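To keep things clear, I will list the structure first and then write my remarks on it.
The values are calculated or read from the model by the stated rules, or taken from the named source; none is laboratory data. If you're wondering where the values come from, they're calculated on a predicted model, not measured in any experiment. All Cβ positions, glycine included, derive from the backbone under ideal geometry; neighbour counts span all protein chains shown.
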Amino acid sequence: MHFDFSPKVQELQQKLSAFMNEYIYPNEKTFYEQLNEGDRWQPIPIIEELKPKAREAGLWNLFMPVESDPAAKFGAGLTNLEYAPLCEIMGRVGWAAEVFNCSAPDTGNMEVLVRYGTPEQQEQWLQPLLNGEIRSCFAMTEPDVASSDATNIQSAIEKESSIERDGDYYVINGRKWWTSGAGDPRCKIAIFMGKTDPSAPKHKQQSMILVPLDTPGVQIKRMLHVFGYDDAPHGHAEVLFENVRVPATNILLGEGRGFEIAQGRLGPGRIHHCMRTIGQAERALEAMCKRVKSRVAFGKAIAEQGTIRHDIAESRMEIDQARLLTLRAAYLMDTVGNKIARGEIAQIKVVAPNVALRVIDRAIQAHGGAGVCQDFHLANAWAHQRTLRLADGPDEVHREAIAKLELRKYE
């Protein structure tokens, strides 16, 4: 693979970095001040103010892949490899991606609608998402089963035909949690995964369907905390779907295609997560270096202490290794496809958050008590990165996949 980014990507990197320097970093304090004023479950004014500026600067929907012809006019038409370094820049500040309409789970849901949605579904839901007019959520994980094995999912999607109702419907029942984004009042649509045929082969039982959140029977039961953070106004919800009736035309791709859609959705999403994670790690290393150069302990600058220098060196090496592995995965996704690159995708999903956690932990240690309080971004960054060892599948599942692929070489 080539290690130099194209002139197009380099120009976008410069524009994005300039935007971050002018609008994002100076407004980090403003973000948290506005978050804690009044109702915390409302859109943050500073984000809404910056979105038109990002769009005007040509930094809108940068994630949208090349193959998405229906949405080409909305995105930059970048490959996974081209988008990756931009994602790293956005990831340096936890809330920045939304300013550019590049935040999860909307990015993954938009890609699902581009790849698998009907023209009608795209018009109704994709266009408003691409325009940043609404937000979305993804309802897959369940509290009553081990959702690391998605075949365990028990929620039901049952077909119902009724002449009185003038057409076919699906009736949905199930309890989901970690439905990220459902706390935002702008969240209007959920992609729901459940069983349409429990008697089918286990990877053909599941389907995905579009469920408007204002449909009768959809109840947000509570918002879940992540190590004490509620992540308002985005949030992670436990949602009950009780006799929720939606038109049969809301099904995505067809019955029994849920796992196929999930795999298509997760590949690019993991690249995005991992590169944002590397951005967080880079920023933590920068914070650590600045902190230890400005503090003195036991008669000399902390930066001169051997243990600190060891931590800095380890962090630099680990970040660079994780970045190169992630870029290789992105390159393979672009050149040979997600299926062949599945081993590399699994590797980055394990490596990136674990590297980030180690780097952030070292930075926290270097900051002392300040590292665990609200004065620095480190505590929040650590909590977020720890959740990524569970999101999109836990480390153990990915390690199992990596080991299987490695052992097949010796059959």
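Could you name every one of the helices (runs of 4 or more DSSP H) located completely within region 1-89 that has at least 3 residues being under 26 Å from Cys187 (Cβ atoms) and at pLDDT 95 or above? It would help to see each step written out before you state the result.
On the way: elements: 7-19, 28-35, 45-56.
Filter on region 1-89 gives 28-35, 45-56.
Given (1) touching a His at 6+ places or on another chain (Cβ under 9 Å); (2) under 21 Å from His225 (Cα atoms), identify the lone condition not met by Tyr331.
Tyr331 satisfies every listed condition except (2).
Assuming Cys137 fulfils every condition listed in (1) in a strand (DSSP E or B); (2) touching a Phe, Trp or Tyr at 6+ places or on another chain (Cβ under 9 Å); (3) within 30 Å of Val99 (Cβ to Cβ) apart from one, which condition is it?
Just one mismatch for Cys137, condition (2).
So, restricting to helices (runs of 4 or more DSSP H) that lie completely within region 334-411, which ones have at least 2 residues that are without any contact (Cβ under 8 Å) to a residue 24 or more places away in the chain?
Correct list: 342-367, 395-408.
Determine if region 233-248 includes at least one residue that is part of a helix (DSSP H, G or I), in contact (Cβ under 8 Å) with a residue 40 or more places away in the chain, not aromatic (Phe, Trp, Tyr) and not assigned by TED's automatic domain parsing to the domain that holds His384.
Among the residues of region 233-248, at least one is part of a helix (DSSP H, G or I), in contact (Cβ under 8 Å) with a residue 40 or more places away in the chain, not aromatic (Phe, Trp, Tyr) and not assigned by TED's automatic domain parsing to the domain that holds His384, which makes the answer yes.
When you scan region 185-244, how many residues do you find that are basic (Lys, Arg), surrounded by 17 or more Cβ atoms within 10 Å (Cβ to Cβ) and within 20 Å of the chain's Cα centre (by Cα)?
1
List every residue pair whose Cβ atoms sit under 6 Å apart, with the two residues 6 or more apart in sequence or on different chains, where the first one lies in region 184-208 and is under 16 Å from Ala139 (Cα atoms) and the second, anywhere, is among the acidic types (Asp, Glu) and surrounded by fewer than 24 Cβ atoms within 10 Å (Cβ to Cβ).
The qualifying pairs are Thr196/Glu255; Ser207/Glu255.
Here is a check on your reading of the model: is Glu123 free of Cβ contacts under 8 Å to residues at least 12 places away in the same chain, assigned to a helix (DSSP H, G or I) and of a type outside the set (Lys, Arg)?
Yes: the conditions hold for Glu123.
Can you find even one residue in region 338-353 that is loosely packed, with under 14 Cβ neighbours inside 10 Å, touching a helix residue (DSSP H, G or I) at 6+ places or on another chain (Cβ under 9 Å) and of a type in the set (A, V, I, L, M, F, W, C)?
Of the residues in region 338-353, the ones loosely packed, with under 14 Cβ neighbours inside 10 Å are 339-340.
When the remaining residues are screened for being touching a helix residue (DSSP H, G or I) at 6+ places or on another chain (Cβ under 9 Å), the result is 339-340.
Checking the rest, the ones that are also of a type in the set (A, V, I, L, M, F, W, C) come to 340.
Yes, the conditions are met somewhere in region 338-353.
Sort out which residues of region 119-166 are at pLDDT 95 or above, touching a helix residue (DSSP H, G or I) at 6+ places or on another chain (Cβ under 8 Å) and among the hydroxyl-bearing types (Ser, Thr, Tyr), and write them in order of number.
Ser136
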